Amino acid sequence: MPGLEDLYREIILDHYRAPRNRGELPSPPATRAEGFNPLCGDEVVLTLQVDGDTVTDLLVAGQGCSISQASSSMMSAAVKGKSVAEARQLIRAFKALMSIHESKLGGEGDDAGTEADNALDGVQLGDLEALQGVVKFPVRIKCATLAWNTLEQGLDETSPS
Amino acid sequence: MSLDVSLDVAALRRDFPVLEREFHGHRLVYLDSAATSQKPTSVIEVMDTFYRHTNANVHRGVYTLAEEATAAFESARARMARFLHASTPSEIVFTKNATEAMNLVARSWGGAHLHEGDVVVLSLMEHHANVVPWHMLAAERGIELRWIPLTDDGCLDLESLPQLLEGAALLSVTSLSNVLGTINDVRHLADAAHAADALIAVDAAQTIPHVEVDVTAWDADFVAWTGHKMLGPTGIGGLWARENLLEGMPPFLGGGEMIRDVTVDGFTTNDIPWKFEAGTPPIAEAVGLEAAIDYLDDVGLEAVRRHEIELTGYALRALHERFDDRITTYGPSDLSIRGGVISFLLDGIHAHDVSQVLDEDAVAVRAGHHCAKPLMRHLGVPATTRASFYLYNDEADADALVESLARAEKFFAV
Ligand SMILES: Cc1ncc(COP(=O)(O)O)c(C=O)c1O
């Protein structure tokens with residue numbers, strides 16, 4: 001049985017209590033994206049500034065549980081200053097991180113695992129790996145991925161892939 | 001003279017096998033009966049026996065087994081009618097749940113009687129089951145929805161009711177809020193509706209399991225209920241409606257059972273209540289429901305209600321004593337108009353995080369919007385944690401809740 005410490009790692013609680021990059025950029029010029037988890041009311045509002053190929057600024061607003069809010073804070077720290085391509089790679093890698101265990105937990109075939117491994121290959125997730133424990137709590141995965149789906153939405157708007 | 005109607009909870013608990021389970025080394029503290037109740041052995045066994053012994057489709061076969069199944073199914077209808085003090089079993093329409101019952105009212109009665117500009121009055125404390133069907137009708141044919149506001153302690157604010165009801169065709173309200181616990185005075189609302197020449201539909205999903213209901217004394221027109229919250233199985237609920245109303249309503253779903261005759265040119269409908277029961281109904285579920293009603297009657301709803309008032313008061317006091325101004329609880333403070341439901345927020349900790357910690361102590365509560373988003377918006381909170389009590393809960397359960405919350409507070413302490 002996974003314990004609370006698997007879910008609420010110290011670094012997650014730190015981001016929850018002291019969220020980074022809080023606020024909203026004026027939009028326009030910034031792009032605004034809203035993510036909503038209808039089941040639990042978690043809400044993430046991203047405003048991001050993309051100049052050329054770089055996410056030059058990114059602020060997070062909204063409200064929700066510690067996992068959704070910590071995940072958005074960590075996401076903002078990881079993505080700010082990165083190129084759009086790197087940001088998209090992080091999105092893929094993070095989603096892979098959230099699915100890899102899921103498929104292992106579910107005892108499904110290897111395919112999902114291999115695919116996930118590919119997405120994770122060579123990507124430095126750093127602090128984000130602390131969120132790995134979330135997959136042991138399936139109902140909370142949506143909390144962790146909310147910020148990332150919202151980021152994807154925002155990027156699709158500014159720089160369609 | 002002392003009236004001893006207190007429940008022997010320890011004995012009752014033994015009737016509910018799931019309560020013997022342990023999670024993470026703790027006994028299950030089940031505080032989510034507002035979502036669904038647990039089932040006593042008698043309900044589980046009677047359904048098992050039905051499948052082993054009596055199973056056949058109803059209203060179709062001439063053979064003895066089918067007759068027995070039909071008799072069992074119709075006996076449940078009669079039992080439910082008696083339980084609600086309905087004047088005849090044909091006023092009981094079985095559906096899948098309360099949600100389907102409200103949809104039946106909106107689709108069938110609303111479909112026949114409501115036209116553009118007609119008014120349906122709802123309240124801000126409604127479950128989505130009594131909101132979305134009306135939104136759907138509003139989108140389709142432009143009916144107007146009006147909303148009864150709430151007072152600060154979570155009661156219906158009835159000051160504007162006469163104006164809201166002016167020209168209205170229907171008042172559709174809950175009799176017990178699944179978030180606030182508020183018990184509404186249905187008779188008063190029915191009188192107000194009728195005085196305005198409107199009908200009244202009551203979402204009694206949270207009332208019927210806990211408080212004795214007499215639909216005639218309520219003077220209601222429609223009452224929706226759901227079996228799984230009243231110790232019965234999932235998959236069965238229903239609508240009570242006055243016979244003359246049902247007679248005048250067009251069918252809801254089409255198919256077998258609900259017809260008298262079908263030709264290549266059309267069909268004629270069966271008598272009530274079967275007119276509204278298309279297809280094979282929840283037969284074993286009806287049998288289980290009857291056993292659930294028997295169980296509730298044996299225990300006595302009056303004793304259940306008294307027990308829940310005491311337990312809710314105890315839990316509210318314990319929560320406020322322990323967490324002081326760090327907890328916000330919602331709903332009326334007057335226990336006589338409050339069911340066994342406590343929605344709350346613990347300062348600075350999201351409802352999901354609270355219930356995650358509670359889960360580790362095997363304390364099962366609900367976190368979220370409780371299918372009442374207009375109410376959550378009104379309260380200005382995205383989610384609350386909700387503990388709800390039933391006849392198998394006791395003070396030890398409330399204590400476990402408080403202790404586990406204290407742990408959550410400590411865990412998330414800044
Ligand atoms: C007040 C109220 N109405 C309606 C319902 C819907 O019940 P069901 O899901 O069984 O249709 C519920 C259950 O959550 C409820 O609490």
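Of the residues B:Ala112, B:Ala86, B:Ala35, the single one that is within 14 Å of another protein chain (Cβ to nearest Cβ) and over 16 Å from B:Leu289 (Cα atoms) is B:Ala35. So how many residues does segment B:132-157 have that are surrounded by 18 or more Cβ atoms within 10 Å (Cβ to Cβ) and in a loop (DSSP other than H, G, I, E, B)? Number satisfying all stated conditions: 3.
All of B:Arg326, B:Arg305 fail the test of being among the basic types (Lys, Arg) and closer than 29 Å to B:Lys96 by Cα, apart from B:Arg305. Quick check, is B:Thr216 out of contact with any helix residue (DSSP H, G or I) (no Cβ under 8 Å at 6 or more places or on another chain) and either within 11 Å of the ligand (Cβ to nearest atom) or on the phi > 0 side of the Ramachandran plot (or both)? It is false that B:Thr216 is out of contact with any helix residue (DSSP H, G or I) (no Cβ under 8 Å at 6 or more places or on another chain) and either within 11 Å of the ligand (Cβ to nearest atom) or on the phi > 0 side of the Ramachandran plot (or both). Considering only residues in segment B:81-135 that are aromatic (Phe, Trp, Tyr) and within 16 Å of the ligand (Cβ to nearest atom), the one that is nearest to B:Trp147 (Cα to Cα) turns out to be B:Trp134.
Within segment B:104-130, which residues are crowded, with 23+ Cβ neighbours inside 10 Å, in a loop (DSSP other than H, G, I, E, B) and of a type in the set (A, V, I, L, M)? Selection gives B:Met125 alone. Restricting attention to segment A:2-59, the residues that are farther than 22 Å from A:Gln132 by Cα, within 14 Å of chain B (Cβ to nearest Cβ), more than 15 Å from the chain's Cα centre (by Cα) and surrounded by 15 or more Cβ atoms within 10 Å (Cβ to Cβ) total 1. Name, by its number, the condition in (1) open to solvent by 10 Å² or more (accessible area, probe 1.4 Å); (2) more than 14 Å from chain A (Cβ to nearest Cβ) that does not hold for B:Ile342. Answer for B:Ile342: the failing condition is (1).
Specify the residue that is surrounded by the most Cβ atoms within 10 Å (Cβ to Cβ); the eligible residues are those in segment A:144-161 that are out of contact with any strand residue (DSSP E or B) (no Cβ under 6 Å at 6 or more places or on another chain) and farther than 12 Å from A:Val84 by Cα. Per the stated criteria, the residue is A:Ala144. Considering only residues in segment B:348-365 that are under 24 Å from the mean Cα position of the chain (by Cα) and surrounded by 21 or more Cβ atoms within 10 Å (Cβ to Cβ), the one that is nearest to the ligand (Cβ to nearest atom) turns out to be B:Val365. Of all residues in segment B:261-297, those being in contact (Cβ under 8 Å) with a residue 60 or more places away in the chain, open to solvent by less than 40 Å² (accessible area, probe 1.4 Å) and not in a helix (DSSP H, G or I) number 5.
Taken together, A:Asp57, A:Asp42 contain a single residue that is of a type in the set (Asp, Glu), touching a Leu at 6+ places or on another chain (Cβ under 9 Å) and modelled with pLDDT under 90, which is A:Asp42.
For the subset of segment B:246-260 comprising residues that are touching a Ser or Thr at 6+ places or on another chain (Cβ under 7 Å) and open to solvent by less than 80 Å² (accessible area, probe 1.4 Å), which member is nearest to B:Arg77 (Cα to Cα)?
Per the stated criteria, the residue is B:Met258.
The values are calculated or read from the model by the stated rules, or taken from the named source; none is laboratory data. No experiment lies behind these values; they were computed from the predicted model shown. Note that each Cβ is placed from the backbone with ideal geometry, even for glycine, and that neighbours are counted across all protein chains shown. All accessible areas refer to the heavy atoms of the entire protein, side chains included, with ligands and DNA or RNA removed. Shrake-Rupley method; radii C 1.70, N 1.55, O 1.52, S 1.80 Å.
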